Amino acid sequence: MRIAIVALVLALAQTPSAKPERLLLKGGRLVPVSGAEIEDGMILIEDGVIRKIGAPFEVPADAKVIEIPKGSWILPGFIDAHSHLGSAFDVEESTESLTPEARAVEAFSSRHPDVAAALGSGVTTVGLAPGNGNLIGGRVGIVKLNGARYDRALVRVSAGFKASLGIEALRTDREPTSRTGAVSMLRERLGDPKSELRSQPMFVHASMPGEIESALDLQAAFKLNMVLVHAREAGDQIERIRASKVPVAFGPLTVSDRKETLATPGRLARAGIRVAFISDAPATPEEHLRVTAAFAVKYGMDRGAALRALTIIPAELLGASQACGSLDEGKAADIVVWSGDPLSLSSGVELVLVDGRVTWRRSEKP
Amino acid sequence: MRVLALLVAVLLQVQPQPKITVIRGAKVYTGTGAPLENAIVILSNGRIEAVGKDLPVPPEAKLIEAAGKTLIPGLIDAASRLFIGPGERGPGSAEQNVLDGLDLYQRDYLEAVEQGVTTVYVGPLSAGIVNGLGAAIRLDDAHTVLLKDAALKLTLGASGGDTSTALQRYESYPQLKQSFEAARLYAETWDKYRRDLTEFEQKKKEKKEDAKEPAKPKVEPRSDVLARALDPKRNLIVRIEAHSADAISLALRLAEEFKLRLVLEHATEAGPVAAAIAKAKVPVVVGPVFRTGLYSVDYLNHSAATAAVLVKAGVVVAIGSFGDERAGQSGPGATRFLADAAAFAASKGLTREQALAAITLAPARILGIDKTHGSIEKGKIADLALLSGEPFDSSTRVERTLINGETVYTRGDR
C-alpha cells in the first residue's frame, strides 16, 4: 500500500503541472499579426501557451527544440469565423423558424472526413454556425481543429446567435414567408428588453443588398452587437456599414465571382471596416479560407488586412481574441509553419501546432 | 526585262519591314531549362526570333524595358469554359463542334487575357457519352481558331449530377465500345468502296465486260468522326472525362483496344491508377484544382494534390480551369484563375517549374501545338506574359500580355 502511494506521488510529480512542458520553435520568419515581423526569431511554448516570442533569447535547457527551415513563415493558426465543418446540412431545425437554443456544435463530428482534411489546412479554430434556413438558427460555437475527439475539440458552445435574412429562411409552410415578415418577427423578438438575443453577438446572414439593408436597420434600431455574414454584395453600402461600425465576416470567394465581388473585401478594409474571412464549409473546404484571402489580395486588398482577416479579426468576432488570433505571450500556441508566404498560393503548410501540440506535419508523399 | 525589274522594285516596296519588338532585361522562364536572368528576347513578325543574353538590339526595334520583371510563355488553359453561354449543356453528337455553339461576343475573355492567358481549349460539356468536338482558340481580338477539331470529347462514368456513377459506367463503357466498333466497320466499308471504285475505273478504262460500279455507302457524319479517331493517319485526339479510378481504368482499356490517342480529363481519383496512366503514356488535364461546392459524387475524392501525384508518377499533366458547374464553378470565370490553380497545386507537391509547365508547355503538348506554342524558343509564336515578379508570388501581377507579338493588354490600361 505504501509503495503504491509513493508510486502515485511520483507519478503526480511527472505530470505537466508540476514541471512545464517546454517547446521551442527556432528560426523562420515570425509573423505575429499583432506586431512587427521577426526574422530568425524564437517562440517558447510552455504547457501549450506562448511564453515568449522575439529575437533569439536564452532558452531553458529542458526545452524540446524544433528547428524551422530557412524561408519558412510562422503565423498564428487561421480562424474561420463561419463554417458548418463536419456537420453539413445538419445544422438547422426546419419545422420552426426561431430556434435560439439550438447549438451548432452538437452536430459537429470530429470524425467527419472533412475535419481530418482540415487538419493540414492552416486553420486551427473554427466558428461553427447554424445554417441560414432559420430566422434565428441557434448558437454559433467554437471548436479547435486539434484532431481530438469532440469534447476535447470544443472550446465554447455559444459565442453568439446566428440569424438569417437570406432567402433560405423564407418558406411557404411556416412563417416567415417574406422578408417583410422576417424583419417584423425579428423586431418583435428584439423589442423585448429581456430578450436573450441581445445578450450575445448576432451573426446575421445577409448577402444581397436588400438583406444587408434590413440587417443594418435592425442593428440601428436595437443597438445590436452584430456581425454581417457573407456580405458578398456589400460593395454599394460600404459607407453605411462603416458608419454602423458593424464588422463583416466575408466570403467565400470563388473563381466564378465577378470582379466587383472580388474587390469588395479590399474596399471594406480600406474603409476601416473590420473584415474576417469565412469558408462557409462545406461550400468551400477549410483550406479555401486562404484562397479567399489570396483572391482578395489579388483584387486589391492590403496584405496586412488580409492576414488580420484570417487571424485576429475572426478571433475578435468570436470573442476569442484573448486566447488566440495572434502570436502573443499568454495566448494559446496555435501556430502554423508555412513553406513561404501563406498569401502566395504556392506555399504549403509544413507543420501545425494546436495548444502547443503537433497535430499535423507534411509528409513526403503528396 | 525592264518589266521584271519594275516588278522587283514594286515588290520590294510593298514588302513591309519586319515588325521587330525587343523585350530587354527580364528574367525569362523559357520552359526549356533554367531561367535566363537579364535576358533579351527578340520578336519579329509575331514570332520569337532570338532568346539569349547580350544579343544585339536591332536599331529599328520597338523596345520594351523589362528589368526586374519576369517573362513567361502565354498561359494555355487546356480546359476552359470561356465563350460557353450560361446553362449550356450537351448532349452533343460526335460531329458537332463546340465552335458552332460559342458566344464569341462574351467579354469575359478579357479578364483572362489580363491574367496572361493567351490560348484556350474549349470542349463540349459532358451530358451523355459522346459529346462532340472541342476547339483551341487564341484570345486575340479576332478569336483566331488555332485548331478546329482539337479533340473528340467522350464521357465515361461521370454522374452528371448526384446519382451513383456505377450504373453510368456499366452503360457507357459498352456503348462507347459499340460506337467505336461500328465506326471501325464504317471505315472498313468506305475503304472497300474506295478499293472497288479504283478497280472499277481501271476495268472501265480497259473496257472489260465485267466492270460494275460499286454502290456508294451512306455518309454518316457521326461515325466518320469516330473513324477519324481510329485512323492512325488522321490521329484525332480523344478526350475522355473520367473521375473515379475505375472509370479511368476503363478509359485506358478503351484506348488500348482501339489504339486511341487518349487524353484524360479531370482524373479526380487518379491516385490508385497513376502508375497505369504513366505506363500507358496518356497525358491528363487535371482540374478543377479549387474544391468549391463539389457535392457531386464525381468529386468525392477530390484533392488539390492530384496534379502532383500524377507528375511524380511520370505523367504529362496540364492543369485546366474547367469551371465545371457541378464543381460550383459555373461560367467562364475560372480561366482567370488558371495561374492561381497551378500555384495551389504547387502547394501540394509540384515544384514551381512543374506548376508553370502545367499551364504552358504541357497543355501545348496535349493540344499538339507544342511546335509553335508553350515555351519561349526561337521560331515559336510570340504569345507571352510579362510579370512584375516571380510567378505565383502573391504580390506578382501581369504587366503585359502579348499575342502573336502584339501587346493585347497593358496593366493600368483598362
Residue among B:48, B:84 that is within 26 Å of residue A:255 (Cα to Cα), of a type outside the set (Phe, Trp, Tyr) and either in a strand (DSSP E or B) or out of contact with any Cys (no Cβ under 6 Å at 6 or more places or on another chain) (or both): B:84
One residue from B:85, B:92 being modelled with pLDDT under 95, outside the structural domain of residue B:393 (by TED's automatic domain parsing) and surrounded by fewer than 14 Cβ atoms within 10 Å (Cβ to Cβ): B:85
Starting from the stretch B:210-223, take each residue that is within 30 Å of residue B:131 (Cα to Cα) and list its partners that are in a loop (DSSP other than H, G, I, E, B) and aliphatic (A, V, I, L, M), counting only C-beta distances under 6 angstrom and pairs at least six apart or across chains. B:222/B:94
For the condition surrounded by fewer than 19 Cβ atoms within 10 Å (Cβ to Cβ) and in contact with a Gly (Cβ under 8 Å, 6 or more places away or on another chain), what is the one hit in A:300, A:266, A:356? A:300
Do we have residue A:87 as in contact with a helix residue (DSSP H, G or I) (Cβ under 6 Å, 6 or more places away or on another chain) and buried (at least 23 other Cβ atoms within 10 Å of the Cβ) here? yes
Please find, within the stretch B:23-38, the residue that is nearest to residue B:401 (Cα to Cα) out of those that are more than 24 Å from the chain's Cα centre (by Cα) and buried (at least 22 other Cβ atoms within 10 Å of the Cβ). B:23
Go through the stretch B:109-142 and give me each residue that's modelled with pLDDT under 95, buried (at least 19 other Cβ atoms within 10 Å of the Cβ) and part of a loop (DSSP other than H, G, I, E, B). B:123, B:124, B:125, B:126, B:129
Consider residue A:95 against the criteria (1) touching a strand residue (DSSP E or B) at 6+ places or on another chain (Cβ under 6 Å); (2) assigned to a loop (DSSP other than H, G, I, E, B): it satisfies all of them except one. Which criterion is unmet? (1)
Can you pull out the residues in the stretch A:309-343 that are over 17 Å from residue A:144 (Cβ atoms) and either aliphatic (A, V, I, L, M) or crowded, with 24+ Cβ neighbours inside 10 Å (or both)? A:309, A:313, A:337, A:338, A:342, A:343
Could you list all residues from the stretch B:215-238 that are in a helix (DSSP H, G or I) and over 23 Å from the mean Cα position of the chain (by Cα)? B:221, B:223
Tell me whether the stretch A:176-185 contains one or more residues that are among the hydrophobic types (A, V, I, L, M, F, W, C), under 22 Å from residue A:79 (Cβ atoms) and surrounded by 14 or more Cβ atoms within 10 Å (Cβ to Cβ). no
Would you mind telling me which numbered condition in (1) out of contact with any helix residue (DSSP H, G or I) (no Cβ under 6 Å at 6 or more places or on another chain); (2) among the polar types (S, T, N, Q); (3) at pLDDT below 95; (4) buried (at least 24 other Cβ atoms within 10 Å of the Cβ) residue A:132 fails? (1)
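A quick yes/no check of all residues on (1) surrounded by fewer than 18 Cβ atoms within 10 Å (Cβ to Cβ); (2) in contact with a Phe, Trp or Tyr (Cβ under 8 Å, 6 or more places away or on another chain); (3) among the hydroxyl-bearing types (Ser, Thr, Tyr):
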position: A:192; (1), (2), (3): yes, no, no
position: A:202; (1), (2), (3): no, yes, no
position: A:216; (1), (2), (3): no, no, no
position: A:223; (1), (2), (3): yes, no, no
Given the criterion within 24 Å of residue A:36 (Cβ to Cβ), free of Cβ contacts under 8 Å to residues at least 12 places away in the same chain and more than 11 Å from chain B (Cβ to nearest Cβ), identify the matching residue among A:266, A:304, A:272. A:304
What do you reckon, is residue A:321 part of a loop (DSSP other than H, G, I, E, B), within 11 Å of chain B (Cβ to nearest Cβ) and modelled with pLDDT of 95 or more? no
Residue identified as assigned by TED's automatic domain parsing to the domain that holds residue A:71 and either under 20 Å from the mean Cα position of the chain (by Cα) or surrounded by fewer than 23 Cβ atoms within 10 Å (Cβ to Cβ) (or both) among A:349, A:248, A:275: A:349
Exactly one condition in (1) in the same structural domain as residue B:69 (by TED's automatic domain parsing); (2) farther than 16 Å from residue B:34 by Cα is not met by residue B:390; state its number. (2)
Any idea how many residues of the stretch B:239-275 are assigned to a loop (DSSP other than H, G, I, E, B) and either modelled with pLDDT of 95 or more or out of contact with any strand residue (DSSP E or B) (no Cβ under 8 Å at 6 or more places or on another chain) (or both)? 7
Matching option when the condition is assigned to a strand (DSSP E or B), within 12 Å of chain B (Cβ to nearest Cβ) and either among the hydrophobic types (A, V, I, L, M, F, W, C) or under 24 Å from residue A:143 (Cα atoms) (or both), among A:350, A:286: A:350
Residue check, residue A:122 of a type in the set (Gly, Ala, Ser), assigned by TED's automatic domain parsing to the domain that holds residue A:293 and without any contact (Cβ under 8 Å) to a residue 60 or more places away in the chain: no
Residues of the stretch A:324-347 being assigned to a loop (DSSP other than H, G, I, E, B) and away from every other protein chain (no Cβ under 13 Å), in sequence order, are A:324, A:325, A:326, A:327, A:328, A:329, A:330, A:331, A:333, A:334
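Table: residues versus (1) surrounded by fewer than 19 Cβ atoms within 10 Å (Cβ to Cβ); (2) part of a strand (DSSP E or B); (3) modelled with pLDDT of 95 or more.
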residue	(1), (2), (3)
B:212	yes, no, no
B:277	no, no, yes
B:288	no, no, no
B:293	no, no, no
Does the stretch A:219-230 contain at least one residue that is under 18 Å from the mean Cα position of the chain (by Cα) and either over 14 Å from residue A:162 (Cβ atoms) or not assigned by TED's automatic domain parsing to the domain that holds residue A:305 (or both)? no
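The values are calculated or read from the model by the stated rules, or taken from the named source; none is laboratory data. Every value quoted in this text rests on a predicted model; they were computed, and no experiment measured them. In this analysis, Cβ positions are derived from the backbone assuming ideal geometry, glycine residues included, and neighbour counts consider all displayed protein chains.
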